[in-house]
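**Student:** Dumping the structure here so I can ask a few things about it.
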Amino acid sequence: TDDSVNDLYQQAMRELVTIQSCPSPVDYALPPYDSTRLMTEMALLKDWFIAQYLNLSITPEEIELLDSTCQHIADEVAKQPNVFVHRDYHSRNLMIVDSHTLGVIDFQDAVTGAITYDLVSLLRDAYVEWPQARVVAWVEDFRQLLQQHGQIAQVDAAQFLQWFDYMGAQRHLKVVGIFARLSLRDGKHGYLNDIPLVFKYLLNELKDYAPLQPLYQWLCERIVPVYLIKNPTATAMLEAHSV
């Protein structure tokens, strides 16, 4: 039901606040999710989705647009507070143990990184889509939870939502590339079915921020039409962004 969905997501966000408040281990430093790593991940879109999956050659000017925007995203993400990051905190890795307990699995790739990363994984899940208004409301609930627990300084709702969208853009640039790679390199073709929703998330995250709009326009004009020729079933998901 609608109420049970909200209850479960509120529980998942409370659990995330608890996870993020854990002190760093004394005898083991979690790897840093730093700008270099973020850039390497975002390059997967160019290297696997555009070059390999779409078999599309892009110009040096287009590469510069993509790379410079990715660098801007990485620089902005680096301004967020750093916490424990699960890296795959989404519906498939959360288990209802009983009415009061949430089980969390698949945490072996944990790093230290931006405070909104796991929230993006949860609320803009590659496998489950929620209405934008509901997602924005949950983001605000999470911001208030963090402030109640003293885990962030006074950050207003608009700033926190921008943090969330920028982090989402980074994650989804990466995930579109990863899903293409899983198909092409590893033969896991089912992931191709999940690209349209992730691509939609990415475009929505780019379109409202002036520094990201040139990349948004380029993706809409240059990449989306080629993708829809290759995968016409994605048209309904992406038609609002096709030129």
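Bear in mind these aren't lab numbers, they're just calculated from the coordinates by the rules spelled out. Bear in mind the structure is a predicted one, so any value in this text is a computation, not a measurement. Note that each Cβ is placed from the backbone with ideal geometry, even for glycine, and that neighbours are counted across all protein chains shown.
**Student:** Using helices alone, what [θ] at 222 nm do you get for the chain, with -39,500 (n - 2.57) per DSSP H run of 4 or more residues, divided over all residues and rounded to the nearest 500?
**Tutor:** Here the helix-only value at 222 nm equals -16500 deg cm²/dmol.
**Student:** Can you give me the distance in nm between label points at GLN154 and ASP27, each placed 7 Å from the Cα along the Cα-to-Cβ direction?
**Tutor:** 4.3 nm
**Student:** Within the chain, which DSSP H helices have Cα atoms that stretch 20 Å or more along the helix axis and a mean Kyte-Doolittle hydropathy of at least -1.0?
**Tutor:** Membrane-span-like by this criterion, though nothing is claimed about a membrane: 2-20, 60-77, 132-148, 157-184.
**Student:** Go ahead and set up a Gaussian network model of the chain, Cα springs under 10 Å, then flag whichever of VAL176, VAL224, VAL85 fluctuates most.
**Tutor:** Looking only at VAL176, VAL224, VAL85, the biggest GNM fluctuation is shown by VAL224.
**Student:** Once you charge only the Cβ atoms, +1 for Lys and Arg and -1 for Asp and Glu, what is the size of the charge dipole of the stretch 2-241 about its Cα centre, to the nearest 20 debye?
**Tutor:** Magnitude of the dipole: close to 440 debye.
**Student:** Dimensions of the stretch 2-241 along principal axes (Cα, Å, largest first)?
**Tutor:** 49, 35, 34
**Student:** Calculate the FRET efficiency for GLU61 and ARG14 from the Cβ-Cβ distance with a Förster distance of 45 Å, rounded to the nearest 0.05.
**Tutor:** Computed FRET efficiency for GLU61 and ARG14 comes out at 0.45.
**Student:** On to the next question. If you project the alpha carbons of the stretch 141-243 onto the principal axes, what extent comes out on each, in Å, largest first?
**Tutor:** Principal extents (Cα only, largest first): 48, 31, 20 Å.
**Student:** Within straight cross-link reach of LYS200, meaning Cα distance under 17 Å, which aspartates and glutamates are found once same-chain residues fewer than 8 apart are removed?
**Tutor:** ASP125, GLU129, ASP165, ASP208, GLU221, GLU239
**Student:** Follow-up. Among the lysines, which have Cα under 18 Å from the Cα of LYS188 when same-chain residues fewer than 8 positions away are ignored?
**Tutor:** Output for LYS188: LYS174, LYS230.
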